[in-house]
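Worksheet: the structure to be examined is printed underneath.
Taken together, the values in this text are just the output of simple stated rules run on the coordinates, not laboratory data. Since the model is a prediction, treat every value here as computed from it, not as a measurement. Cβ atoms come from the backbone with ideal geometry, glycine included; neighbour counts cover every protein chain shown.
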Amino acid sequence: MTMPSSRNPCARGVPARRTHSDGLPDRAGLGLKPQHFAEILATEPDLGFFEIHAENYLVAGGPFHHYLRRIRDHYPLSIHGVGLSIGAEGLLDTSHLDRLAALLDRYQPQSFSEHLAWSTHGGAFFNDLLPLPYNRVTLDRVCDHIDQVQERLRRRMLLENPATYIEFAASTLDEATFITEIVHRTGCGLLLDVNNAYVSGVNHRRDPQAFIAALPLSEVGEIHLAGFAEDRDAAGAPLLIDTHGATIAAAVWELYAFALERLGPTPTLIERDHDIPPLSVLLAEAQCAERWIGSAQRDRLEVSV
């Protein structure tokens, strides 16, 4: 597969239509935002799926559910959790897990995912996805938590690789090995966030392609693409911030192409959680992803002939 140029990263073929083994179609999807509810229902754009953040829908009623129910009638759905605190030292919040189970029962999404991160400690909740050391103690705890989540939800979850800005001296495993062990021990799948892989690679001066190649790619059920912000650390070195508030950078599109070469067609979400643009802007990025998915499908067909 030929890498795109930085000027025109989307100049490739037509979208694929195959369904991925985890249930989502091998197409591009968008995060569902309230700014776009009415337009989506009025125009029914040609998209593979929508994704919601679970924690925005844990109440029983209200306008979000009104629109989601109607949109769900027309599109596959992915539910993405941000509050389970899979990596926390403490116990999982079983009441939160119960509400999450009720949401999944209500909408029967094709996919559910969470983050390799923590956001709770000592009864306090932090509105962030915080990093954890990669060692055997943490590995056992994360695996226990994922086992508990999958048993309660009665489904396989996908685990997302994080964007990180610090690393721990206590880590004894590299990130790809840590994630691979989790997947093998729990049977969970992997949500490959390509933007996170790029952000962490730049921040820690690692090769993001080598990181992706070392992951258990056969277990990837979904890809995320997003934008980042650029800053400098205290030493003046480049520091990328995973903001979900900008267009997808050319370098991330190139890394996405690298991933698809190894994965083949894979459901791909365009994430935008801040500075939400008009729906047409996000649809253009989704169409770009679909061209790459279509190219990956053609490459697979050529190899199989």
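Counting every other Cβ atom within 10 Å of each residue's Cβ, Asp273, Asp207 order from fewest to most as Asp207, Asp273.
If R0 is 41 Å, the Cβ-Cβ spacing of Ala237 and Gln148 corresponds to a FRET efficiency of close to 0.55. Paramagnetic label reach from Ala213 (point 7 Å along Cα→Cβ; backbone nitrogen cut-off under 16 Å): within the stretch 258-279, residues 258-264.
Amide H to amide H distances under 5 Å link Thr268 with Arg27, Ala28, Gly29, Ile223, where only residues 5 or more positions off or on other chains count and H is placed in the peptide plane. Our helix-only sum for the chain, with -39,500 (n - 2.57) per DSSP H run of n ≥ 4 divided by its residues, gives a mean residue ellipticity at 222 nm of -12000 deg cm²/dmol.
For the chain, the relative contact order is 23 percent, taking Cα pairs closer than 8 Å that sit 6 or more residues apart in sequence and dividing their mean separation by the residue count. Ranked for footprinting exposure by Cβ neighbours inside 10 Å, fewest first, Cys143, Cys188 give Cys143, Cys188. Out of these labelled values of Rg and Dmax of the Cα atoms in Å, (i) 17.7, 56; (ii) 23.5, 76; (iii) 18.6, 58, which was calculated from the coordinates shown here? From the options (i) 17.7, 56; (ii) 23.5, 76; (iii) 18.6, 58, the structure gives (iii). Counting neighbouring Cβ atoms within 10 Å and putting the fewest first, the residues Ile146, Ile276, Ile52 line up as Ile276, Ile52, Ile146.
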